[in-house]
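**Q** The structure's right below; bear with me while I get my questions together.
The values are calculated or read from the model by the stated rules, or taken from the named source; none is laboratory data. All of these numbers come straight from a predicted model, not from anything done at the bench. Glycine also receives a Cβ, built like all others from the backbone with ideal geometry; neighbour counts cover every protein chain displayed. All accessible areas refer to the heavy atoms of the entire protein, side chains included, with ligands and DNA or RNA removed. Shrake-Rupley method; radii C 1.70, N 1.55, O 1.52, S 1.80 Å.
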Amino acid sequence: IANLYNVHRATVHRIVKLYKEKGTVEKKKNPGRPRILSDRDVRAVVGVVHKNRRVALADIAHAIPTKVSKSTIRRTLHRQGIFS
């Protein structure tokens, strides 16, 4: 099977073992609370910051349709690689 699909034997072994144990090889749903901001909201936040780098977190929070805290805005910006 490994040669047929051009993958390592260990990969085939792991997948077969997973199928025997769980009955499926599909990935599990990610644990944890879902994010409050959609991808569109995140793009809006980044857009506001790119227009005015010195805008306050509270002003960014008011600029998007979803009601979020300043901490959420800060974490979102950090995830996007935007600091201070």
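**Q** If contacts are Cα pairs under 8 angstrom and at least 6 residues apart, what is the relative contact order of the chain in percent?
**A** In percent, rounded to a whole number, it is 18.
**Q** Oh, and also: How much of the accessible area of the chain, in percent, comes from carbon and sulfur atoms when a 1.4 Å probe is used?
**A** Carbon with sulfur: 52 percent of the solvent-accessible area.
**Q** Once the principal axes of the Cα atoms of the chain are found, what is the range along each, listed largest first in whole angstroms?
**A** 57, 24, 19
**Q** Next up: Excluding ligands, DNA and RNA, what is the solvent-accessible area per residue of the chain at a probe of 1.4 Å, expressed in Å²?
**A** 90 Å²
**Q** Which of 50, 62, 13 ends up with the largest GNM mean-square fluctuation for the chain, with Cα atoms connected below 10 Å?
**A** 13
**Q** Scan the range 1-75 for trypsin sites (Lys or Arg not before Pro) in coil per DSSP, keeping those whose Cβ has at most 14 other Cβ atoms within 10 Å, and list them by number.
**A** Here the trypsin sites (Lys or Arg not before Pro) that fit, given the DSSP loop and packing criteria, are 27, 28, 29, 35, 53, 54, 67.
**Q** Using a simple spin-label model with points 7 Å from Cα along the Cα→Cβ vector, what separation in nm is obtained for residue 6 and residue 70?
**A** Here the answer is 5.5 nm between the modelled labels.
**Q** Something else about it: Given the DSSP H assignment, sum -39500 (n - 2.57) over each helix run of at least 4 residues in the chain and divide by its residue total; what's the result at 222 nm in deg cm²/dmol, nearest 500?
**A** Numbers: 5 runs with 48 residues, N = 84.
Taking each H run of at least 4 residues, the total per residue is -16500 deg cm²/dmol.
**Q** Please label the shape of the range 39-80 as rounded, prolate or oblate, based on the square roots a ≥ b ≥ c of the eigenvalues of the alpha-carbon gyration tensor (a/c under 1.5 means rounded; beyond that, a/b larger than b/c means prolate, else oblate). Before the final figure, lay out the partial values.
**A** Numbers: a/c = 1.17, a/b = 1.10, b/c = 1.06.
It is rounded, given that a/c, with a ≥ b ≥ c, falls under 1.5.
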